[in-house]
Amino acid sequence: MANASAVVESPVAPVLPDANSAGRLHRRVIIGLALVLIVAPFVVYPVFLMKILCFALFACAFNLLLGYGGLLSFGHAAYFGMASYICAYTAKVWGWPPEVAILAGTLVAALLGLVFGALAIRRQGIYFAMITLALAQMVFFFSVQAKFTGGEDGIQAVPRGRLLGVLNLGDDRALYYFVAVVFMAGLLLIYRVIHSPFGQVLKAIRDNEPRAISLGFRANQYKLLVFVLSTTLAGLAGATKAIVFQLASLTDVNWTMSGEVVLMTLVGGLGTVFGPILGAIVIVSMENYLASLGAWVTVIQGIVFVVCVLLFREGIVGLFSRWLKQPL
Amino acid sequence: MFTVFGVPSPALFGQLLLGLINGSFYAILSLGLAVIFGLLNIINFTHGALYMMGAFVAWMLLNYAGIGYWWALGLAPIIVGVFGVVLEKVLIARLYKLDHLYGLLLTFGLALIIQGIFRNQYGVSGLPYAIPPELAGGQRIAIGSTPIMFLPNYRGWVIVASAVVCFATWFVIEKTKLGSYLRAATENPTLVQAFGVNVPLMITLTYGFGVALAGFAGVLAAPIYSVNPNMGGDIIIVVFAVVVIGGMGSILGAILTGFGLGLVEGLTKVFYPEASATVIFVIMVLVLLVKPAGLFGRSA
């Protein structure tokens with residue numbers, strides 16, 4: 001309805017102040033998370049953990065954009081998938097070492113994000129979502145047709161190689177710790193961005209763009225920067241995933257992947273620092289356990305979507321955050 | 001036979017015809033999206049799934065109940081429309097006071113559910129649906145003794161039927177009393193409600209009508225493409241691009257953009273087939289650069 005903007009509920013739960021105690025809590029959670037990451041491969045199958053970490057980073061990157069920038073990109077699979085292709089191709093065909101291949105993939109995602117972001121921020125709200133989705137579909141069709149992506153087969157048997165020429169990533173546990181470090185670095189970067197002056201302006205633009213503009217902030221520059229940051233980190237996640245699974249395929253650039261990352265963020269808690277991680281754990285585990293059900297997984301994902309949107313918009317971590325009366 | 005830029009005329013006009021047919025589906029679907037968006041302010045991601053459902057309902061009517069194409073053409077949109085009304089009443093209506101993005105997410109979830117159920121039931125290989133016998137065969141079109149192209153009757157019918165439905169919708173919305181209520185409610189629902197018009201009912205019926213259009217397009221599409229659970233997901237994203245290009249402000253704009261882009265896609269298939277899948281997205285990029293509000297849009 002045209003005049004309903006006054007009653008529109010912000011997509012994100014209001015964050016209560018008291019920065020000091022929140023900061024202490026966050027530090028504890030991050031340290032706890034790091035400890036869990038160190039111990040986890042002795043308890044759980046490392047490849048499964050790496051899958052969760054890649055998707056968690058992907059979801060955190062997405063959440064930076066939607067939860068803090070208020071921009072719903074429905075095409076994040078494009079950056080995730082394209083980075084995955086570039087990483088797989090440079091590592092396999094050109095024989096680049098894994099860390100360089102990952103960086104190359106990430107860089108391409110950043111550039112793609114810069115171009116697509118500059119286009120998409122020309123429209124707001126619902127149009128922004130449609131444009132990002134359409135641009136991502138263009139990348140998908142490009143990936144279907146381009147020679148280097150291997151079409152339906154994808155790029156298979158990507159070598160994991162040696163990290164910095166020393167550490168053999170063929171070993172699952174060694175690779176796991178590498179992925180865990182990448183993930184933590186990504187998370188800390190996002191955390192830093194959210195709590196920086198840049199992050200504050202971003203939230204201001206999210207909550208009231210005309211007002212932020214009238215205060216002299218160039219909203220479009222902020223939006224573009226957060227978009228590129230988000231696509232870069234999504235690319236980092238995708239490139240890392242290509243090394244982990246030694247595979248880059250069309251699944252990673254498909255629009256269903258874009259939907260999946262939205263779902264992870266929604267389930268975990270939109271606009272919470274740690275929500276997307278929990279969301280990734282829930283969704284990846286669910287897919288793992290339900291894999292035998294085939295297409296029913298899609299139906300269940302759809303149902304989770306509907307239930308989350310209708311009844312559980314704050315997400316799991318959002319709920320905790322309300323109980324603790326602290327932003328998480 | 002003659003050639004245009006080295007392309008034989010039957011190939012050229014055949015692709016143009018196919019383009020026009022795709023264009024008529026884009027037009028009907030983007031029209032439905034625009035009508036729904038105007039009043040409900042949500043982008044109906046379920047639209048593609050309901051288009052697919054229209055095709056499946058026609059197939060089911062034929063195979064389970066022995067009801068043929070012509071009845072299906074009327075019945076399937078009604079069934080899809082009623083289904084849409086139920087969706088709106090039970091689920092979508094709960095979101096009107098929230099950010100519009102939630103509407104997109106909800107309808108995306110619904111699309112996954114509908115698509116998943118049909119995929120489970122019928123697989124992804126596609127089911128055949130025969131062209132009705134009245135429209136089998138085709139016409140050879142020639143100027144003098146030069147053959148121009150072969151026009152299958154059914155394809156001609158699809159273009160005529162879609163054009164009629166599109167312009168009927170335009171007429172109802174732009175030229176009738178009912179349409180004026182609708183346009184008024186799009187501008188200011190509270191005020192229209194104050195004049196004694198039952199706006200919530202109007203919203204529900206609009207949604208039902210919008211998705212019935214999608215169902216109608218599905219029935220038209222069934223004999224051309226095989227009936228496939230994925231047909232909706234593939235087309236809806238293209239339709240989104242069409243909507244961005246046209247802008248959702250104008251009904252006539254949505255129709256023209258739909259047909260026009262279908263033609264452009266057909267032409268691309270003739271002269272540069274590699275780009276045919278992406279040409280609409282490329283046009284979207286160009287339009288965003290030159291006229292961000294869309295060709296027929298009002299800038300927000």
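What follows draws every value from the coordinates through simple rules; no lab data is involved. All values derive from a computational prediction rather than experimental measurement. Cβ placement follows ideal geometry from the backbone for every residue including glycine, while neighbour counts extend to all protein chains displayed.
How big is Rg to Rh over segment A:112-162, alpha-carbon atoms, Rh as the Kirkwood inverse-mean-distance radius? Before the final figure, lay out each step's value.
On the way: Rg = 15.1 Å, Rh = 12.9 Å.
Ratio of gyration radius to Kirkwood radius: 1.16.
Which order do the peptides B:172-179, A:54-61 come out in when sorted by mean C-beta neighbours inside 10 angstrom, highest first? Provide the component values of the computation, followed by the final result.
Values: B:172-179: 13.4, A:54-61: 28.5.
Peptide ranking by packing, descending: A:54-61, B:172-179.
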(request) For segment A:240-252, take each phi angle, set θ = phi - 60°, evaluate the Karplus expression 6.51 cos²θ - 1.76 cosθ + 1.60, and give the result in whole Hz per residue in order, putting x for glycine and proline. (result) 4, 5, 4, 5, 4, 8, 6, 8, 10, 9, 5, 3, 6
(message) With only alpha-carbon atoms in the gyration tensor, what are the semi-axes of the equivalent ellipsoid for segment B:3-290, in Å, largest first?
(response) 32, 23, 19
(request) Return the average number of partner chain Cβ atoms within 10 angstrom of each residue Cβ along peptide A:134-146. (result) 5
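What does the charge count around A:Val284 come to, taking other residues whose C-beta lies under 12 Å from its C-beta (Lys +1, Arg +1, Asp -1, Glu -1)?
Neighbour charge sum, excluding A:Val284 itself: 0.
How large is the helix-only mean residue ellipticity at 222 nm for chain B, computed as the sum of -39500 (n - 2.57) over DSSP H runs with n ≥ 4, divided by its residue count, in deg cm²/dmol to the nearest 500? Don't skip to the end; give the middle numbers.
Details: 11 runs with 209 residues, N = 300.
Value at 222 nm, helices only, nearest 500: -24000 deg cm²/dmol.
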(request) Let me know the Rg and Dmax you get for segment B:57-119 when you use only its Cα atoms, in Å. (result) 14.8, 45
(message) If you average the alpha carbon positions of segment B:1-78 and of segment B:185-245, how far apart do those two centres end up, in angstrom?
(response) 13
(request) Return the long-range amide H neighbours of B:Met149 (sequence gap of 5 or more, or a different chain), with a cut-off of under 5 Å between placed amide H atoms. (result) B:Ile141
(message) Positive end of the dipole of the protein assembly as shown, charges at C-beta (+1 Lys, Arg; -1 Asp, Glu), about the Cα centre: which of B:Gly294, B:Ala27, A:Ala136 has its Cα farthest in that direction?
(response) B:Gly294
(message) If amide hydrogens are placed 1.01 Å from N in the peptide plane, which non-local residues have theirs closer than 5 Å to the one on A:Val273?
(response) A:Leu328
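Count, for each residue of B:111-118, the Cβ atoms from other chains sitting within 10 Å of its Cβ, then give me the mean as a whole number.
Details: counts 4, 13, 8, 3, 5, 10, 5, 1.
If you average over the peptide's residues, the count of other-chain Cβ atoms is 6.
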(message) Could you derive backbone 3J(HN,Hα) for segment B:132-147 from the dihedral phi with the Karplus parameters 6.51, -1.76 and 1.60 (θ = phi - 60°), listing whole Hz in sequence and x where the residue is Gly or Pro?
(response) x, x, 4, 10, 5, x, x, 10, 8, 9, 9, 9, x, 10, 8, x
(message) Return the equivalent ellipsoid semi-axes of the protein assembly as shown as a descending list in whole Å, where each equals the square root of 5 times an eigenvalue of the C-alpha gyration tensor.
(response) 42, 30, 23
(request) Could you list the trypsin sites (Lys or Arg not before Pro) in segment A:130-185 that lie in coil according to DSSP, counting only those with at most 16 other Cβ atoms within 10 Å of their Cβ? (result) A:Lys147
(message) Explain nothing, just compute: Karplus ³J(HN,Hα) = 6.51 cos²θ - 1.76 cosθ + 1.60, θ = phi - 60°, for every residue of segment B:32-46 in order, whole Hz, x for Gly and Pro.
(response) x, 4, 5, 5, 5, 5, x, 9, 9, 6, 10, 8, 8, 5, 5
(request) Sort A:Arg122, A:Arg211 so the one with the fewest other Cβ atoms within 10 Å of its own Cβ comes first. (result) A:Arg211, A:Arg122
(request) Mind checking which lysines have their Cα closer than 20 Å to the Cα of A:Lys241? Skip sequence neighbours fewer than 8 apart in that chain. (result) A:Lys51, A:Lys92
(request) Just tell me which lysines come within less than 28 Å, Cα to Cα, of A:Lys203; anything on the same chain fewer than 8 places away is out. (result) A:Lys223, A:Lys325, B:Lys97
(request) Take A:Leu328, B:Leu75, A:Leu66 and order them by how many other Cβ atoms sit within 10 Å, fewest up front. (result) B:Leu75, A:Leu328, A:Leu66
(message) For peptide A:293-300, what's the mean number of Cβ atoms from other chains within 10 Å of each residue's Cβ?
(response) 5
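Express the C-alpha Rg of segment B:149-266 as a ratio against the empirical globular expectation 2.2 N^0.38 Å, rounded to two decimals.
Numbers: Rg = 16.6 Å, N = 118, 2.2 N^0.38 = 13.5 Å.
For segment B:149-266, the normalised Cα radius of gyration is 1.23.
Within segment A:286-328, report the trypsin sites (Lys or Arg not before Pro) that DSSP leaves as loop and that have at most 12 other Cβ atoms within 10 Å. Don't skip to the answer; put the middle values down first.
Values: sites: A:Arg313, A:Arg322, A:Lys325; in loops: A:Arg313, A:Lys325.
Filter output for segment A:286-328: A:Lys325.
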(request) Name the long-range amide H neighbours of B:Val227: under 5 Å, sequence gap of 5 or more, or other chain; modelled H, no Pro or chain starts. (result) B:Leu127, B:Tyr129
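What is the fewest-to-most order of B:Thr204, B:Thr190, A:Thr265 by other Cβ atoms lying within 10 Å of their Cβ?
Numbers: B:Thr204 21, B:Thr190 12, A:Thr265 30.
Listed from fewest to most nearby Cβ atoms, that is B:Thr190, B:Thr204, A:Thr265.
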(message) Give me P(r) over chain A, computed from all C-alpha to C-alpha distances, binned every 20 Å, as integer percentages.
(response) 33, 59, 8, 0
